[in-house]
Amino acid sequence: MGAAHLINFRLLVWGIVIIPALSQGGLKTGFYSSSCPKAESIVRSTVEAHFNKDPTVTAGLLRLHFHDCFVQGCDGSILIAGASAEKTARPNAGLRGFEVIDDAKSQLEGLCPGVVSCADILALAARDAVDLSGGPSWGVPTGRRDGRISSSAEASSLPTPLDPVPTQRQKFASKGLDDHDLVTLVGAHTIGQTDCLFFQYRLYNFTSTGNSDPSINQAFLAQLQSTCPKNGDGSKRVALDKDSQFKFDVSFFKNVRDGNGILESDQRLWGDSSTRRIVENYAGSIRGLLGLRFDFEFPKAMIKMSSIEVKTGTRGEIRKICSKLN
Ligand code: HEM
Ligand SMILES: *[C@@H]1O[C@H](CO)[C@@H](O)[C@H](O)[C@H]1NC(C)=O
């Protein structure tokens, strides 16, 4: 069996296992199977082409989908360009992968004009990104419509790297996601990078104590301090998962367990008893207690996140260009 067949077979299996229980909010897998049968394969080949040039684009796409879903629901509102659009808000500053969505969209408009929403392209691209990075795959329920509102003022519902666990919990709960979903989804930090700027304050004079954040592993602290020197270039990029930033695996959770988390918000998941149990489980240090497998839980949590406040039926629109309202 060729690689392509194996991938299709995996998709099929995930679809059968997961979809009946979780098809929600009026979405269903294979929504385009008759209106634009090539929709999913075109998104896939587009993501793959960009990935082959720059493997870090997958991290960008996954984060882009998350930021889309947390503001106005998963409706492509993050893709809109404009002076006061959602993407201009501070938490959205480093987002990337927009060109991949635009590329897929222009191919799809050529093939089936006005049919495939930008919001769906983004949800599918996030799935393909995880798969290409060696993670699990799953059937993505589709049928989202694109929103007509995109405002930077609404981005405050996004979590920030300074949020303590109760704040992270509350922000996720307001989107219908529990602690299990929170920890599982933050596991997306197994791929991708951040700027020194986002965590440098943990390395020097943390909370004005004169010392670094005591939860940082001492050996790792020295390494981080040399990568991100005091008053140095804050835009230097650092892997969120120090051991395998290109591979979608569980080493991120091991790093959180060992004090090697980069973002303060990630490291705090070890300090709260509820989130800690879940991190511990994925890191493999609890045997037979929760026994949850990250590979299996991540797709379920993604399908939940991908369904946040979706617009279906006749609501919203199918944009012609993802960065512009019709
Ligand atoms: C408490 C929740 C979360 C916080 C505070 C948070 C915060 C951040 C921050 C500050 C960055 C670095 C951005 C940069 O420097 O450019 C980042 C990167 C990233 N985040 Fe999150 N995040 C959270 C949850 C999630 C979730 C739920 C996902 C996806 C399911 C996700 C996916 C990613 C990915 C893939 C990257 C790397 C992006 C890249 O390399 O371009 N994050 N996150
Ligand atoms: C840490 O920050 C506090 C408050 O800004 C300041 O008073 C103190 O001098 C700083 N300590 C060091 C070692 O830089």
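Computed from the coordinates by the stated procedures, all read-outs in this text should not be read as laboratory data. Nothing here was measured: the structure is a model prediction, and the numbers come from that model. Glycine gets a Cβ as well: all are built from the backbone with ideal geometry, and neighbour counts include every protein chain shown.
For segment 72-137 versus segment 167-205, the inter-centroid distance based on Cα atoms is 21 Å. Classified by the C-alpha gyration tensor, segment 139-187 has an oblate form. Its axis ratio a/c, with a ≥ b ≥ c, is 1.5 or above, and a/b does not exceed b/c. What's the angle, to the nearest 10 degrees (0 to 90), between helix 39-53's Cα axis and the longest principal axis of the chain? For 39-53 against the chain, the angle is about 40 degrees.
Given only helices, namely DSSP H runs of n ≥ 4 each adding -39500 (n - 2.57), what is the per-residue ellipticity at 222 nm of the chain, to the nearest 500 deg cm²/dmol?
Numbers: 12 runs with 140 residues, N = 326.
Here the helix-only value at 222 nm equals -13000 deg cm²/dmol.
Taking 28 Å as the straight-line reach from the Cα of residue 254, the lysines in range (excluding those fewer than 8 positions away in the same chain) are 171, 175, 230, 236, 242, 300, 304.
Directionally averaged projected area (the chain, Cα convex hull): 17.2 nm².
How would you rank 152-163, 187-198, highest first, on the average number of other Cβ atoms within 10 Å across their residues?
Numbers: 152-163: 15.3, 187-198: 21.8.
Result, highest mean first: 187-198, 152-163.
Each Lys and Arg contributes +1 and each Asp and Glu -1, all at the Cβ; summed about the Cα centre of segment 20-158, the dipole is approximately 160 debye.
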